[in-house]
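The values are calculated or read from the model by the stated rules, or taken from the named source; none is laboratory data. For clarity, every value in this text was computed on a predicted model and none was experimentally measured. Heads up, the Cβs are rebuilt from the backbone with ideal geometry, glycines too, and the neighbour counts pull from every protein chain shown.
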């Protein structure tokens, strides 16, 4: 029998982890929903965000500047990716597979370009704060709490943009039917570029926010990418709300299951859940709640 | 199948072989095979080792192209099944006393069995979803090899199994060469016959193929099973070749490498695997000195090929004038 305290602690940890996971996964689901691209370079963008933050912090000494620099640089990277790599292929019949391959190529390229450029050394990112709160027997790391808050803030901002602004309207229009959107005076090419930029910027933000936990090294992006991948599939590709629920749910499942089993077995459990969801309903949680 | 049908199929393979041998790729392949036959005389033992690895990789990539290129089932589980074949072969040989030669075959059988649980979703889903579900399955197998350390030796891998032919590398080389050529020919024979035609029909339009009276699920299942089993045989050969099998052999990086080779070589042409293997793998070996820069190069190569040569190197024309014409026609 597990003590209730441990269980509660793991649930709290899971919640915080879910916030981080949601931040990484939202960009992945957004870009599929709007542009039908399964972005395999999402993890690489996360990694680039971490490096940009690391160097910006070293240069300016300010965490805010580091976060801003990561967002701007990775947004630009996403924008360029759309125009240089994805746009030329958009008319192809097998665009979903071709885009998967091209972004995979980009991921390999970025990872190893960084490896050659700055070396494979793990760089420790200074912690925001070492402080710990003790609330009702639970241990809460202030750093994780702050990261959670920033994630929630970023996701709320994204929701507002999508649901309330003209840009959001254009994004929703293009995701439903780009030809009709074009007839209504929306430029799908630009919307795709902005969406890919935003999706990348979210990955970059996650990269710099989580740098104190993950440290920074060239292949740092793969593990968060795989986790985000599971989250996105379970949540339903393209469904933002489904992805949020899945991120929280799976993060808690993972945290709680590590009470009994090793981390590797927890990963197996997550992937098994993903296959089951794909089999029962390929649209995932989003297929049930968005309908 | 009647004797008559088999005879017809063999005739068809023979006439297609004769035709294909006259093309640019055919001549190149003939030269490469001739080179491979004389490799033990020409190369140092170390180089021979690399040629052997190259042959095995070509077989693995070809079996992936067989599934992904011809049927359009873009599977990510191939490297994992390749690893399963390797593990199954050496564990059977070491723990149960199966003869190493038989264990290679059994490695293929076990890989085929492991492909069955995932084949159901693969048959039901399409496009990018096949990639996703097989990626999840591949990760489960990967973590499985780490968790089941009593059987697989855990993260450090499995060693100390009996060697093929008592460690005679030259005999082993010819065995690997013969097996690779035989299995490549077998896949080629399937692809130039009705089976290959239906496969391509399924890739282009599964519904149309079904409507014309083909049992699409059965063809896809057969294709997936055959491709996966051959990957298992390749994995078994690789395990005997490098004398260790460890989880990194079936990690996603390995899968990406196979995919890169298949795509750079060309997914629409069976010979693409040969080009892809030689270019990516050979290139990696030659450029070992420049270190990680080679990975930068082949990441870029993957992008350039997908953007500008969607049919890969085997399927593209390198007539400069024609390429220019295409640029202006766009």
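What the table below lists for this structure:
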quantity	calculated
Test result for residue A:217, more than 10 Å from every other protein chain (Cβ to nearest Cβ), touching a strand residue (DSSP E or B) at 6+ places or on another chain (Cβ under 8 Å), within 29 Å of residue A:54 (Cα to Cα) and at pLDDT 85 or above	yes
Matching residues in the stretch B:216-266 - criterion: being more than 14 Å from every other protein chain (Cβ to nearest Cβ), touching a residue at least 24 places away in the same chain (Cβ under 8 Å) and over 27 Å from residue B:101 (Cβ atoms)	B:217, B:219, B:220, B:221
Whichever residue in the stretch A:112-124 is surrounded by fewer than 21 Cβ atoms within 10 Å (Cβ to Cβ) and in contact (Cβ under 8 Å) with a residue 12 or more places away in the chain and, among such residues, is farthest from the other protein chains (Cβ to nearest Cβ)	A:124
Those residues of the stretch B:248-264 which are more than 17 Å from residue A:100 (Cα to Cα) and buried (at least 24 other Cβ atoms within 10 Å of the Cβ), in sequence order	B:250
The stretch A:77-111 - residue that is within 11 Å of residue A:45 (Cβ to Cβ) and away from chain B (no Cβ under 13 Å) and, of those, surrounded by the fewest Cβ atoms within 10 Å (Cβ to Cβ)	A:77
Among residues of the stretch B:29-60, those that are without any contact (Cβ under 8 Å) to a residue 60 or more places away in the chain and either within 16 Å of residue B:283 (Cβ to Cβ) or part of a helix (DSSP H, G or I) (or both), counted	8
Among the candidates A:72, A:34, residue that is assigned to a helix (DSSP H, G or I) and farther than 25 Å from residue A:209 by Cα	A:34
Selection count where residues are under 23 Å from residue A:112 (Cβ atoms) and either within 15 Å of the chain's Cα centre (by Cα) or surrounded by 14 or more Cβ atoms within 10 Å (Cβ to Cβ) (or both), scope the stretch A:41-76	22
Options B:102, B:93, B:111; residue that is away from chain A (no Cβ under 14 Å) and at pLDDT 95 or above	B:111
Residue within the stretch A:10-24 that is in a helix (DSSP H, G or I) and under 30 Å from residue B:310 (Cα atoms) present	no
Options A:255, A:265: the member that is in contact with a helix residue (DSSP H, G or I) (Cβ under 9 Å, 6 or more places away or on another chain) and either within 14 Å of chain B (Cβ to nearest Cβ) or without any contact (Cβ under 8 Å) to a residue 40 or more places away in the chain (or both)	A:265
Pair list, Cβ < 6 Å and 6+ apart or interchain, from the stretch B:294-309 residues that are more than 7 Å from chain A (Cβ to nearest Cβ) to residues that are not in a helix (DSSP H, G or I)	B:309/B:316
Wholly within the stretch B:119-219, helices (runs of 4 or more DSSP H) carrying at least 2 residues that are out of contact with any helix residue (DSSP H, G or I) (no Cβ under 7 Å at 6 or more places or on another chain) and surrounded by fewer than 19 Cβ atoms within 10 Å (Cβ to Cβ)	B:149-152, B:169-192, B:194-204, B:206-211
Residue that is modelled with pLDDT under 90 and out of contact with any helix residue (DSSP H, G or I) (no Cβ under 7 Å at 6 or more places or on another chain), where the choices are A:12, A:37	A:12
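Residue by residue, here is whether (1) within 9 Å of chain B (Cβ to nearest Cβ); (2) surrounded by 21 or more Cβ atoms within 10 Å (Cβ to Cβ); (3) in a helix (DSSP H, G or I) holds:
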site: A:224; (1), (2), (3): no, yes, yes
site: A:227; (1), (2), (3): no, yes, yes
site: A:231; (1), (2), (3): no, yes, yes
site: A:237; (1), (2), (3): yes, yes, no
site: A:241; (1), (2), (3): no, no, yes
site: A:248; (1), (2), (3): no, no, yes
site: A:259; (1), (2), (3): no, no, no
site: A:271; (1), (2), (3): yes, yes, yes
